Structures are given as structure tokens and as C-alpha cells.
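Read the structure below first, then the notes.
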Amino acid sequence: MTDSSLLRVRWIAGNTFVEALRQRFFAFLFLLAAGLAASGMLLRTFNFGQSELKFIADFGFGAMFLFGSILAIVMTVQLFFSELDNRTALTLLAKPVRRWEFVLGKFLGIWTLLGVFIALLGVVLAVMLSIRMPELVESASRNGEPLPFLNLKGLGMFCLLQWFRLGVVAALSLMICSFAQTFLYAVIVSAMGILLCQVQSAGVSAFSKPDQETWVRTLANGVGKVIPDLQLFDLGVPLVLSPAGAPQSAVLSALGYGALYMPVLLFITVFLFSDREI
Amino acid sequence: MKDSGIIWPWLRRRIIAVVMLCVAGCALSLVGQPAADWQRTHQPAFRSEELKGIVGQGVLLGMFGGLRSIMADMSWVRAYSYWEKRDRAGSESMMRLAIILDPGNIYFWINAANIIGYDQAHWEIAAREYGGRIKVQDSVKQTLYREYAENALKLLDDCIARFPDDSRAYIYAAQLTRNKLNNIPMEAEYYRRAAECKNRVWFAGRIYAMILGEDMGKPEEALEWYRDYYRRILADKRYENRPDLRQIFQENLEDLEERFSPVPVGDSKK
């Protein structure tokens with residue numbers, strides 16, 4: 001990668017980021033997600049048998065992935081197709097900008113935006129948990145119950161994991177955009193794909209039991225290896241609320257998995273996009 | 001010919017992309033293996049046995065990260081609304097959904113089992129079209145009580161398999177066994193397991209010994225078991241700094257000795 005390539009990628013990424021940030025959709029989704037994260041404090045009465053911190057944290061974790069995934073899919077598809085529909089991609093690619101630079105720039109712009117989204121939500125969640133923590137500690141020590149545990153560094157690590165997870169989601173959406181013909185098709189297929197990635201480990205586990213036919217088990221294991229497993233990044237509760245934490249090997253493995261999946265998906269995106277007529 | 005000349009390169013590119021995706025997926029699954037292994041042993045929510053027949057009940061949405069346990073809570077609230085209407089099918093499906101969504105919460109297991117075991121038989125008896133609870137024959141009532149209690153016990157046994165160190169499920173199972181099945185040996189066995197599990201409660205061992213000695217007519221066996229149990233408690237390091245609890249166990253032993261010891265010769269006047 002030459003310096004000029006890097007410059008062009010940075011330029012496209014910067015523009016994509018600013019364009020995405022200006023859109024009301026980002027602000028709208030962030031407010032929704034922050035509202036959901038904050039509502040954990042108000043809905044505590046609906047908590048059954050779990051620790052209160054876990055209840056509040058669950059709202060934040062859920063908001064991060066649900067709204068983050070919506071943002072990653074819709075924003076990626078919209079920014080990609082707006083370039084095609086407005087013919088700006090045609091102008092851009094007529095200049096000495098290679099297609100891989102265009103794809104990489106788009107991805108980095110969106111991934112940066114997702115990083116901002118996750119970081120802001122992480123701050124909201126940290127504030128919510130920190131507000132409740134002293135009162136819960138006091139109440140637990142008064143009643144002789146085990147003291148609640150909160151690890152804000154673990155929350156930072158969880159946010160990093162979610163950023164990588166959403167990176168995979170965005171890269172997958174970009175790959176679908178590279179061959180999709182319409183915005184709606186790309187959004188629907190991306191959403192179905194993410195759902196599949198989210199439930200793949202459950203599906204593999206269900207179809208690879210010993211009572212299944214051998215070919216069913218083989219097929220399930222094969223499909224399980226090919227579809228990205230987004231459940232790997234679900235380490236929120238052990239990282240943030242458990243004194244034992246999550247083992248470093250599991251965290252590094254999930255980070256490595258995300259970090260390697262993104263370039264692979266981008267490579268396939270470039271491969272498919274390279275012969276597309278614009 | 002012209003068409004095939006266009007389609008083949010298009011198709012070839014897509015086939016190559018799929019092959020690349022498969023190869024990369026296989027290679028990367030090795031990278032993600034440590035995280036996957038840890039998840040499967042420590043996050044039991046996605047074990048296959050909990051995933052039977054639940055598609056279409058909102059569980060897919062529930063699988064989205066942390067929202068899963070929120071959805072479990074909401075399902076439980078919905079189960080309560082059905083419970084108020086005495087809707088057996090509605091409450092049971094919502095309770096089971098809550099358990100599936102958040103199987104790590106013992107509250108759902110125990111309360112669902114209590115509702116099935118204690119309430120639902122009454123609902124069915126009251127709803128019998130030929131007369132409700134007054135006119136329904138006792139034999140039919142007993143059959144229904146037994147049927148629902150057995151369903152509840154199955155749920156509690158699953159709960160025990162998932163939380164073997166928590167004495168609560170054993171205690172509820174023991175109470176249900178006595179109240180609805182009147183199966184004393186089975187009740188005693190649940191209390192024994194509650195007394196011997198990791199997070200035991202102090203009264204479970206005493207109740208087991210009392211049932212064994214009084215209801216089952218084996219006082220010597222009861223006393224021998226409790227003495228051995230007391231020895232194990234004294235050897236347990238967790239009780240080293242709990243003189244209050246050790247005192248309770250000791251008092252229980254003394255009381256059981258008074259009740260179940262054979263009367264010594266010459267002490268019959270006492």
C-alpha cells in the first residue's frame with residue numbers, strides 16, 4: 001500500500017465518517033440506545049431474582065448490540081448505495097482511486113462511527129452502573145449479603161469486543177452490498193445474515209447431537225465453521241460483573257477472530273465489487 | 001452462446017467468493033475456538049436441549065445479547081398476567097419461555113414449578129364443566145394433583161441438574177413431594193441431597209433425620225446418619241469461623257440423640 005493509497009483511503013474514510021455523523025439516523029439510534037440503557041434504572045421493579053447491576057447492565061449490553069447492528073447494517077448499505085445512486089462513485093472511481101481503496105475507505109469510515117457509538121453508550125452504561133453501585137454495596141453490607149462487583153475496565157474491554165463484533169457486521173453488510181442491486185435487498189439479506197451468525201452456535205449444537213444422522217452432524221459442523229459466530233463476543237457479564245472475569249485466552253481469541261474476519265470479508269467484497277458495473 | 005459467455009464469469013466469481021468464505025471460515029474457527037469453548041461451558045443459554053420448539057416465540061430476538069434476560073423478565077410478567085386469569089397454557093408457555101431465555105435464573109425454575117405443581121391442578125378442577133371443585137370426585141382430584149405435581153417435579157429435577165450446589169430446588173422438590181405425592185422416601189431423599197449439597201441449609205439435615213426416624217421408622221439409621229453428617233460438618237473448613245452454625249448442628253444432634261437413642265437400662269423412669 002503506497003502513501004498515496006493510504007491518503008485516498010483516509011480521505012474516503014474521513015468523508016464517510018463525517019457524512020454518517022451528520023445523518024439524523026445516527027443521532028436517533030444513539031438516543032434510542034441510550035434511552036434503553038438508561039431505562040434499566042427505571043424498570044428495576046421488573047427484575048426477577050437477578051442482581052440489580054446485572055439487570056441494568058443487560059439493558060446496556062442489549063442496546064449496544066441491537067442498535068449497533070441496526071446502525072452497522074443500515075448505515076453501511078445506505079452510504080454504499082448513495083454513492084452508486086448519486087453517481088458519485090462513478091466520478092470517484094474515474095479518478096485514480098482503486099476499488100479496494102473505495103471499499104476500505106467506506107468500511108473504515110463506518111467502523112469509526114460504530115466506535116464512537118459504542119464508546120458513547122459505554123460511557124452512559126458506566127455512569128448508570130456507577131450511580132447504583134454505592135447504594136447496592138451499602139444495602140448488601142447492611143443485610144450481610146455478598147457485595148456486588150463492578151469492573152469498569154472490564155466494561156471497556158467489553159466495548160472493544162462489541163466494536164469488533166460490529167466491525168464484522170459492517171464488513172458482512174458491505175460484502176452483500178458488493179453484489180446486491182437494491183438498498184432493500186441488501187438491508188434484508190444483511191439482517192438475515194446477522195441473525196444467522198447470531199444463532200449459528202445454537203443451531204450447530206442442536207444438529208450435531210449424537211442421535212442425529214452422521215451426514216446431518218457433518219453438515220452442521222461444516223456450516224458452523226463457515227458462518228461467523230457472533231456469540232463469541234458475548235462476554236459482558238463475566239467481564240463486567242464477575243470477580244472471576246473471563247479468561248484472557250477467550251477475550252484474545254474473540255478479538256483475534258473479529259480482527260481477522262474483517263479483512264477476509266473486505267477482501268471478498270473487493271473481489272466481488274471489482275467486476276461490478278456502476 | 002452469448003448468454004453463457006456472460007453468465008459463466010459472473011458465476012465463477014461468486015463460486016470463488018463462496019469457496020474463499022468457506023476456507024477462511026474454517027481457518028478462523030480455529031482462532032475463535034478458545035472463546036467458543038469457554039462460552040459453551042460457561043454460558044449455558046444456548047445448549048441445544050433448551051432450543052426445542054421455541055422458534056416463533058420471540059426467542060430469536062431474545063438471543064440478541066443482553067436483551068435476552070430482559071425478555072425473560074418480560075415473559076415472566078406476561079406469565080403472571082396469564083396466572084391471574086388462571087390460563088394454564090398461557091402461563092406455562094410464558095414461564096417456559098422465560099426459563100429458556102434466561103436459564104441461569106433459578107427464580108424462574110422454582111416459581112414455575114410451584115405454579116405448575118400447586119396452582120394448575122386447582123385451575124383445571126375448577127374449570128371442569130361438570131361442576132367445578134365441589135362436584136369433582138376425590139379420585140379425579142387426586143389424579144390431577146399427582147399429574148401436575150409430577151410435571152413440576154420434572155422441572156425441579158432439571159433445575160437440580162443445572163444448579164446441583166443450590167439447596168433451594170431440593171427443598172421445594174421435597175415439599176412438593178410430601179404435599180402432593182405423599183411419597184415420604186422420595187421427600188427424604190430430596191432433603192438428604194439438600195443437606196449434602198455444597199450450599200446446604202442447616203435445617204435440611206435435621207428434617208431428613210426426622211423423616212427417616214419418625215415417618216419411615218428407622219431411628220437408629222437416622223441417628224447414625226446425622227452423627228456422620230455432623231462429623232463431616234466439623235471437618236468442613238467453611239464452618240471453621242461459624243461457631244453459631246456449628247452450635248446449631250450440635251444442638252440438632254443432641255435433640256436427635258434424645259429422641260432416637262435407645263433408652264439406656266435403668267433410665268426408664270426418665
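Summary of computed values
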| item | result |
| --- | --- |
| Test: residue in the range A:174-183 that is at pLDDT 85 or above, buried (at least 24 other Cβ atoms within 10 Å of the Cβ), within 11 Å of chain B (Cβ to nearest Cβ) and over 30 Å from A:Asn86 (Cβ atoms) | no |
| Residue in the range A:238-251 that is nearest to B:Ser69 (Cα to Cα), counting only those that are within 8 Å of chain B (Cβ to nearest Cβ) and assigned to a helix (DSSP H, G or I) | A:Pro238 |
| Selection within the range B:93-139 - of a type in the set (Asp, Glu) and over 21 Å from B:Arg168 (Cα atoms) | B:Glu124, B:Glu129, B:Asp138 |
| Single match in A:Ala20, A:Ala33 (criterion: within 30 Å of A:Pro96 (Cβ to Cβ) and in contact with a Phe, Trp or Tyr (Cβ under 8 Å, 6 or more places away or on another chain)) | A:Ala20 |
| Residue in the range A:159-171 that is crowded, with 20+ Cβ neighbours inside 10 Å and either in contact with an Asp or Glu (Cβ under 7 Å, 6 or more places away or on another chain) or more than 21 Å from A:Ala63 (Cβ to Cβ) (or both) present | yes |
| Positions within the range A:229-247 being exposed (fewer than 14 other Cβ atoms within 10 Å of the Cβ) and free of Cβ contacts under 8 Å to residues at least 24 places away in the same chain, in sequence order | A:Ala244 |
| Qualifying residues in the range A:124-153 (those that are out of contact with any helix residue (DSSP H, G or I) (no Cβ under 8 Å at 6 or more places or on another chain) and surrounded by 14 or more Cβ atoms within 10 Å (Cβ to Cβ)) - the one modelled with the lowest pLDDT | A:Ala140 |
| Helices (runs of 4 or more DSSP H) completely within the range B:134-220 that count 2 or more residues being among the polar types (S, T, N, Q) | B:138-162, B:167-176 |
| Residue within the range A:209-228 that is open to solvent by 10 Å² or more (accessible area, probe 1.4 Å), within 15 Å of B:Ala35 (Cα to Cα), assigned to a helix (DSSP H, G or I) and within 11 Å of another protein chain (Cβ to nearest Cβ) present | yes |
| Residue match in the range A:28-49 (condition: within 14 Å of chain B (Cβ to nearest Cβ), part of a loop (DSSP other than H, G, I, E, B) and among the aromatic types (Phe, Trp, Tyr)) | yes |
| Pairs, first of a type in the set (Asp, Glu) in the range A:8-20, second in a helix (DSSP H, G or I), C-beta under 6 Å, six or more apart | none |
| Qualifying residue in the range A:188-205 (condition: buried (at least 16 other Cβ atoms within 10 Å of the Cβ), closer than 14 Å to B:Gln33 by Cα and either at the interface with chain B (Cβ under 8 Å from one of its Cβ atoms) or hydroxyl-bearing (Ser, Thr, Tyr) (or both)) | yes |
| Filter result for the condition that a residue is within 22 Å of A:Gly62 (Cβ to Cβ) and either open to solvent by less than 60 Å² (accessible area, probe 1.4 Å) or within 13 Å of chain A (Cβ to nearest Cβ) (or both), over B:Tyr82, B:Tyr107 | B:Tyr107 |
| Every pair of residues 6+ apart whose Cβ atoms lie under 7 Å, when the first sits in the range A:203-228 and is in contact (Cβ under 8 Å) with a residue 24 or more places away in the chain while the second is of a type in the set (Val, Ile, Thr) and in a helix (DSSP H, G or I) | A:Gly224/A:Val204; A:Pro228/A:Val168 |
| The listed residue being buried (at least 18 other Cβ atoms within 10 Å of the Cβ) and in contact with a Pro (Cβ under 8 Å, 6 or more places away or on another chain), out of A:Leu53, A:Leu71, A:Leu114, A:Leu121 | A:Leu53 |
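Each row is one residue, and each column tells you yes or no for (1) open to solvent by 50 Å² or more (accessible area, probe 1.4 Å); (2) within 26 Å of B:Ile160 (Cα to Cα).
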residue: B:Asn199; (1), (2): yes, yes
residue: B:Gly205; (1), (2): no, yes
residue: B:Met210; (1), (2): no, yes
residue: B:Gly217; (1), (2): yes, no
residue: B:Lys237; (1), (2): yes, yes
residue: B:Arg242; (1), (2): yes, no
residue: B:Leu245; (1), (2): no, yes
residue: B:Phe249; (1), (2): no, yes
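The values are calculated or read from the model by the stated rules, or taken from the named source; none is laboratory data. Just so it is clear, the model here is predicted, and its values are computed rather than measured. Neighbour counts are summed over all protein chains in view; Cβ atoms, including those assigned to glycine, are modelled from backbone coordinates with ideal geometry. SASA here: full protein model, heavy atoms, side chains in, ligands and nucleic acids out. Shrake-Rupley method; radii C 1.70, N 1.55, O 1.52, S 1.80 Å.
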